[in-house]
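Heads up, the thing below is written out as structure tokens.
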Amino acid sequence: MEALVVRRLGDPTLPPGGEASPFAAVSGDHPVPDISSPTAVRVRVAATSLNFANFLQVQGKYQERPPLPFVPGSDYSGVVDAVGPGVRGLRPGDRVCSFTGLGSFADFIVAEEKQLFLVPDGCDLVTAGALPVAFGTSHLALVHRAQLKAGQVLLVLGAAGGVGVSAVQIGKVCGSVVIAIARGAEKSEYLKSIGADHVIDSSKDNVVESAKSFLKARGLKGVDVLYDPVGGKLTQDSLKLLNWVRTFLSSDLPVVMFQLFEIIFLLKNWTVHGLYWGSYLTHRPRVLIDSLNELLSWLSKGLIKVQISHRYRLVEAHLAFSALRDRKAVGKVMIVMGSSAASRL
């Protein structure tokens, strides 16, 4: 089978097989994984999602560093190819999606039956393969941790990326007023099309002043939940918009945040949440399973829509990583398995 194998840590935007590339050349001679337990399922992968964690993993900068060589992986979808003798709920031909820490950048992957989710009728596999990590992260963060409610104001930073787009849509399903921040006219127009109540183009607008004007026009006092998957200076500026007793979710808490903690966070009774989505599989698996099942239900009902920005073949993985690095994507970047998968920029 074909697989994208990381042979050394390095720059994932370099073409596979090159002398400086972290990837070995993609070939069809990688061994097909065996059914590893009575309750294991082998899936023929249809599509696998590219997340920023994959980018960091290939460079050796992610919190989990697997031994070399390894096949990277994240969320994926496909068709059941074979099942172990103890599998009861799945059979060959079933369409499934799931997520993994390693291994989905390949034609086949083996997973435990309990880790697989049936893809609803009417949902294509590429869309299903893009759902678990980005939408799962935002769903757990906003619904489970922040307990976002109808009428509350949600501010989403980095709103045009995979996680940001999911947060905007989940916010609207929850009935909140959504302010979305992104860079560029194309991204801004897309965010308006998926229901954001106010979109701020950070490349030309003053974020704080634009948000304050919108809030004043709506008769709103401030932001109730700040969702920050990117970090940086914009995070610090956006704190000026938070209400008293409100929630802040961030992927990046710089030192200045801790310096300000006693002065601002305590005085305003803010609640700060960090979220490592993947750890829920170990510590709170039922919460994660229920979250993904609810998302798949929303997807089947048309309440959310997965935006696929770029599609690449496995041999073009370096182009996918480049699109992610250069922030070209409006939504998700996908690797579509099979020689017929056409790349699109």
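The values are calculated or read from the model by the stated rules, or taken from the named source; none is laboratory data. Keep in mind that what you see is a predicted model, and the values were worked out from it rather than measured. Neighbour counts run over all protein chains shown; Cβ positions are idealised from the backbone, glycine included. The area values use the complete protein model at the heavy-atom level, side chains included, leaving out ligands, DNA and RNA. Shrake-Rupley method; radii C 1.70, N 1.55, O 1.52, S 1.80 Å.
May I ask you to verify whether Ala150 is open to solvent by less than 40 Å² (accessible area, probe 1.4 Å) and either modelled with pLDDT of 95 or more or assigned to a helix (DSSP H, G or I) (or both)?
no
Suppose we keep only residues that are among the polar types (S, T, N, Q) and open to solvent by 60 Å² or more (accessible area, probe 1.4 Å) within region 181-217. Which one would you say is farthest from Gly161 (Cα to Cα)?
Filtering first and then ranking leaves Ser213.
Hey, can you tell me all the residues within region 88-136 that are part of a helix (DSSP H, G or I) and in contact with a Leu (Cβ under 7 Å, 6 or more places away or on another chain)?
If the condition is that a residue be part of a helix (DSSP H, G or I) and in contact with a Leu (Cβ under 7 Å, 6 or more places away or on another chain), then Glu113, Pro132, Phe135, Gly136 are the ones that fit.
Looking only at region 102-128, how many residues end up being charged (D, E, K, R) and open to solvent by less than 10 Å² (accessible area, probe 1.4 Å)?
Counting residues in region 102-128 that are charged (D, E, K, R) and open to solvent by less than 10 Å² (accessible area, probe 1.4 Å) gives 0.
Condition test on Val45, is it out of contact with any helix residue (DSSP H, G or I) (no Cβ under 6 Å at 6 or more places or on another chain), of a type in the set (A, V, I, L, M, F, W, C) and open to solvent by less than 60 Å² (accessible area, probe 1.4 Å)?
It is true that Val45 is out of contact with any helix residue (DSSP H, G or I) (no Cβ under 6 Å at 6 or more places or on another chain), of a type in the set (A, V, I, L, M, F, W, C) and open to solvent by less than 60 Å² (accessible area, probe 1.4 Å).
Which of the residues belonging to region 97-106 are out of contact with any strand residue (DSSP E or B) (no Cβ under 6 Å at 6 or more places or on another chain) and of a type outside the set (S, T, N, Q)?
The one that is out of contact with any strand residue (DSSP E or B) (no Cβ under 6 Å at 6 or more places or on another chain) and of a type outside the set (S, T, N, Q): Gly101.
Inspect region 294-301 for any residue being in contact with a helix residue (DSSP H, G or I) (Cβ under 7 Å, 6 or more places away or on another chain), closer than 14 Å to Thr137 by Cα and open to solvent by less than 70 Å² (accessible area, probe 1.4 Å) and give the result as yes or no.
For region 294-301, residues in contact with a helix residue (DSSP H, G or I) (Cβ under 7 Å, 6 or more places away or on another chain), closer than 14 Å to Thr137 by Cα and open to solvent by less than 70 Å² (accessible area, probe 1.4 Å): present.
Please enumerate the residues belonging to region 97-146 that are more than 15 Å from the chain's Cα centre (by Cα), not assigned by the TED database to the domain that holds Phe23 and not charged (D, E, K, R).
Val143, His144, Ala146
Looking at Leu234 and the list (1) farther than 29 Å from Asn293 by Cα; (2) crowded, with 21+ Cβ neighbours inside 10 Å, which single condition is not satisfied?
Status for Leu234: all satisfied but (2).
Cβ-Cβ under 7 Å, sequence separation 6+ or interchain: first residue in region 309-328 and within 18 Å of Gly161 (Cβ to Cβ), partner part of a helix (DSSP H, G or I) and open to solvent by less than 10 Å² (accessible area, probe 1.4 Å). Which pairs?
Going by the 7 Å Cβ cut-off, the qualifying pairs are His310/Ala320; His310/Ala323; Tyr312/Ala320.
Yes/no per residue for (1) more than 24 Å from Val126 (Cβ to Cβ); (2) part of a loop (DSSP other than H, G, I, E, B); (3) not assigned by the TED database to the domain that holds Arg311:
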{"site": "Val32", "(1), (2), (3)": "no, yes, no"}
{"site": "Ile35", "(1), (2), (3)": "yes, yes, no"}
{"site": "Val41", "(1), (2), (3)": "no, no, no"}
{"site": "Val58", "(1), (2), (3)": "no, no, no"}
{"site": "Pro67", "(1), (2), (3)": "yes, yes, no"}
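Suppose the filter is at pLDDT 90 or above, of a type in the set (Phe, Trp, Tyr) and surrounded by 13 or more Cβ atoms within 10 Å (Cβ to Cβ); does Tyr280 pass it?
For Tyr280, the condition - at pLDDT 90 or above, of a type in the set (Phe, Trp, Tyr) and surrounded by 13 or more Cβ atoms within 10 Å (Cβ to Cβ) - is not met.
This table checks each residue for (1) over 23 Å from Pro285 (Cα atoms); (2) at pLDDT 95 or above.
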site: Leu9; (1), (2): yes, yes
site: Ala24; (1), (2): yes, yes
site: Thr39; (1), (2): no, yes
site: Pro66; (1), (2): no, no
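Val168 - would you say it is part of a helix (DSSP H, G or I), crowded, with 20+ Cβ neighbours inside 10 Å and in the same structural domain as Tyr76 (by the TED database)?
Numbers: part of a helix (DSSP H, G or I): yes; crowded, with 20+ Cβ neighbours inside 10 Å: yes; in the same structural domain as Tyr76 (by the TED database): no.
No, not satisfied.
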